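Below is one structure, written out as structure tokens; comments come after it.
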Amino acid sequence: MTHALNRPAPAHGRPPAPRKRFGTKAGRQHHAGPFTYVLLGFAALISLFPLYWNLVAASHTGERVVQAPSPLLPGKELFNNLSIAWNQVDMGEALINTTIVAGAVACSTVLFATLAGFAFAKLEFKGRNVLLTIVVATMTVPPQLSVIPLYQLITEFGWVNQLQSVILPSLVAAFGVFFMRQYLLEALPVELIEAARVDGAHSLRIIWHVVFPVARPAMAVLGMLIFVQAWNDFFWPFIALTPDGSPTLQVALAGLGSGNHSINHAIVLTGALIATLPLLAVFAVLGKHIVGGITSGAVKS
């Protein structure tokens, strides 16, 4: 009481100003400065330059592309090179085959990896840690070691030069299982699963109504990564498929521009441009939804 009476009165009858506390800016939105925009613009230019130069090279003749200095402005041969590249190999069939392969591999990997990741993250069973260690250890095995036995298998099944020879060996990936396991380990509370079981939900219903909605952001990211990887895969499709049969885009590109003991680099880069445009279109359409799903999954309520 004496301390309250001895406290000096504020000047001019105003209450004392509150002291500044740390953390008052925790909820404020920080605005980027000019340096940030300059840095981001520079990074964007560096990232887009290879695509731009691919377009420039595809619009010139093969002789001009290999000359020094290299061209930096578009030429007039783009549509002519597009016609040659499209007709020299069956680019339309290759696009359809690649879409089928990449779509099937991405969908199957997301499905199986989510189920396996949920089992490793939230289900208790004997040998769980041992099995997870084995799955992760398979990522250290070079894919070249399995080429000979895998080719022998598809030969016995009669799948050489058929799309199932490329799809079936890639139905699930160890990286996808580990990725989904790590995500569900933190994002999926055990209380949700227990509450669903108390309500009488069986395992399939829990997976459909609880696991999949929670795992949707990670499933979108994993699907995009696997789709791009399967779209650009060359090593195994080049062995299992042939340019004259049912090639994917990367196998078809291997036969572009060759003839008369020389390679027309402009035609090859035109084919690479054709193979890149669908990926850009998919990301332009779905990129916003994927990024939105990532950010929504990263915010904690």
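The table that follows gives values for the structure above.
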| read-out | value |
| --- | --- |
| Boolean, Leu277 is surrounded by 21 or more Cβ atoms within 10 Å (Cβ to Cβ), at pLDDT 80 or above and on the phi < 0 side of the Ramachandran plot | no |
| Hits in segment 197-210 (condition: at pLDDT 90 or above and open to solvent by less than 60 Å² (accessible area, probe 1.4 Å)) | Ile206, Ile207, Val210 |
| Helices (runs of 4 or more DSSP H) completely within segment 101-173 that count 3 or more residues being open to solvent by less than 40 Å² (accessible area, probe 1.4 Å) and in contact with a Gly (Cβ under 8 Å, 6 or more places away or on another chain) | none |
| Filtered residue count, segment 60-87, keeping only those that are of a type in the set (Lys, Arg) and under 31 Å from the mean Cα position of the chain (by Cα) | 0 |
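The values are calculated or read from the model by the stated rules, or taken from the named source; none is laboratory data. The structure displayed is predicted, hence computed values, not measured ones. We place every Cβ from the backbone using ideal geometry, glycine too, and count neighbours over all the protein chains shown. Keep in mind that these areas ignore ligands, DNA and RNA; they rest on the heavy atoms of the full protein, side chains included. Shrake-Rupley method; radii C 1.70, N 1.55, O 1.52, S 1.80 Å.
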